[in-house]
């Protein structure tokens, strides 16, 4: 048995452990049921549940969400349209997001999958400084799919940009707001005085 402060109490019969828990107004919680003998601890179980829920919520909040953006192309895409789509892919990678590039084949285009492979290879070579091919091109029915992921340095830069663009704390905003109208008021009185 383990005491409320984490100290070792030793092997105690169940009745004695329950009596100790009642004496200090705490709960007897079985921490390791598979151990021989089972390990129990004296604690406030409600507080323990609350703190573990807080830790779980904090872990979920700090967990990084992976966002996958999708860009759809056709095998016979015009050069300007290709450059526009490539610009979108570059923007997504700079923001730290993964990009799923899909080539959509229609009709007789399905008999020429090498056009899609060539287009995806060209795209991956042109954006190689920003990202890498996470999932190589593969045919999936009428579509050919490739997944691009940003390099770690790109992700770190995107996170730094997001942090820099974050809103200042409320106190700082209120302080700035209070000074700005006063400055405008003095300028307005000077203009009217002249």
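The values are calculated or read from the model by the stated rules, or taken from the named source; none is laboratory data. Remember, it's a predicted structure, so these values are computed and weren't measured experimentally. Cβ: placed from backbone, ideal geometry, glycine included. Neighbour counts: every protein chain shown.
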message = Cβ contacts < 9 Å: first residue within 12 Å of residue 66 (Cβ to Cβ), restricted to segment 91-112; second residue part of a loop (DSSP other than H, G, I, E, B), any location; separation 6+ or different chain. Result?
response = 96/67; 97/66; 97/67; 98/66; 98/67; 99/127
remark   = Just one listed residue, out of 42, 18, is in contact with a helix residue (DSSP H, G or I) (Cβ under 7 Å, 6 or more places away or on another chain) and surrounded by 10 or more Cβ atoms within 10 Å (Cβ to Cβ), and it is 42
inquiry  = Being part of a helix (DSSP H, G or I) and over 30 Å from residue 135 (Cβ atoms) narrows it down to one residue among 28, 18, 42; which is it?
reply    = 18
key: Single match in 10, 116, 96 (criterion: assigned to a loop (DSSP other than H, G, I, E, B) and surrounded by 12 or more Cβ atoms within 10 Å (Cβ to Cβ))   = 96
request  = Return yes or no: is residue 36 at pLDDT below 90, loosely packed, with under 11 Cβ neighbours inside 10 Å and part of a helix (DSSP H, G or I)?
outcome  = no
request  = Restricting attention to segment 68-93, report how many residues are in a loop (DSSP other than H, G, I, E, B) and touching a strand residue (DSSP E or B) at 6+ places or on another chain (Cβ under 7 Å).
outcome  = 2
